[in-house]
Amino acid sequence: MSTESRRVAGVLLIIMPTVVFGGVSVLTLLVNDPAYQDNPLRQDLWRAGHAHAGVLLILSLVALRYVDETRLGGRARWFVRYAIPGAAVLLPIAFFLSVLSPEATEPNAVIYLAYLGAVSLVAGLLTLGVGLLRATGGQRDSTTEGRPIRSTRGAGE
C-alpha cells in the first residue's frame, strides 16, 4: 500500500468511531425520545445516513487496498482515493442535515448533497474498476506506480 493510501486509510479508521457514536445516538433517540418516533421521515433518513456511513467507509478501506494495483495515472489514483471516501461523508451529511429539525416534514436543500455523493461514489468505483481491468495484462507492484513489472524469466519458464 502506498504512503498516500495508508494515510487516507488511517484517517478513515479514525473517523469510523463517529459511525458507532451515531448508532448509539440513534438508538438512544429510539428508546428515550417519543418525538423521534413521531417523525418517520427523520427516522428513515437518519437510519439511511447511519447505514451509508458505515458501509461506505468500509468500502473506502477496501478500495484503498486496490487503488495502488491499478494501471491508472497519479491523478486518477488520487481521484479514487478521495472520491469514494468523499461519498462516505457527503451521503450521510445529506441524510442527517436535511431533516435536522425534529419538526421537519420534508428534507431541506441539503439533501441535494446526496446526489453529489452518489456521483462521487459511482465515478470513483468506475475509475477503480477500469484501472483494475487495465492492470490485468501483467503483474503490478505499488512500488512501480502502476507500471508493469518486467519478468526476468525466459518465455518457457
Longest principal axis of the chain (C-alpha) makes with the long axis of helix 40-67 (C-alpha) an angle, in degrees to the nearest 10, of 10 degrees
Add -39500 (n - 2.57) for each DSSP H run of 4 or more in the chain, then divide by its residues: what number comes out at 222 nm, to the nearest 500 deg cm²/dmol?
-24000 deg cm²/dmol
Based on the inverse mean of 1/r over its pairs of different Cα atoms, what is the Kirkwood hydrodynamic radius of segment 3-144, in Å?
16.3 Å
May I ask you to sort Thr70, Thr105 by Cβ crowding, counting other Cβ atoms within 10 Å and putting the fewest first?
Thr105, Thr70
Using Cα-Cα distances under 8 Å and only pairs 6 or more residues apart, what relative contact order does the chain have, in percent?
26 percent
Between the helical axis of 113-134 and the dominant principal axis of the chain, each derived from Cα atoms, what acute angle in degrees is found, rounded to the nearest 10?
20 degrees
Compute the distance in nm between two label points, each set 7 Å from the Cα along the Cα-to-Cβ direction, one at Ala104 and one at Arg65.
3.4 nm
Taking the chain as a Gaussian network, where each spring joins two C-alpha atoms under 10 Å apart, which residue of Ser25, Ser98, Ser60 fluctuates the most?
Ser25
Amide H contacts under 5 Å for Leu100, placed H, 5+ residues apart:
none
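Read-outs: derived from the displayed coordinates by stated rules, not from any lab. Computed from a predicted model, the values in this text were never measured in an experiment. Because the Cβ atoms are built from the backbone with ideal geometry, glycine has one as well, and the counts that use them run over all protein chains shown.
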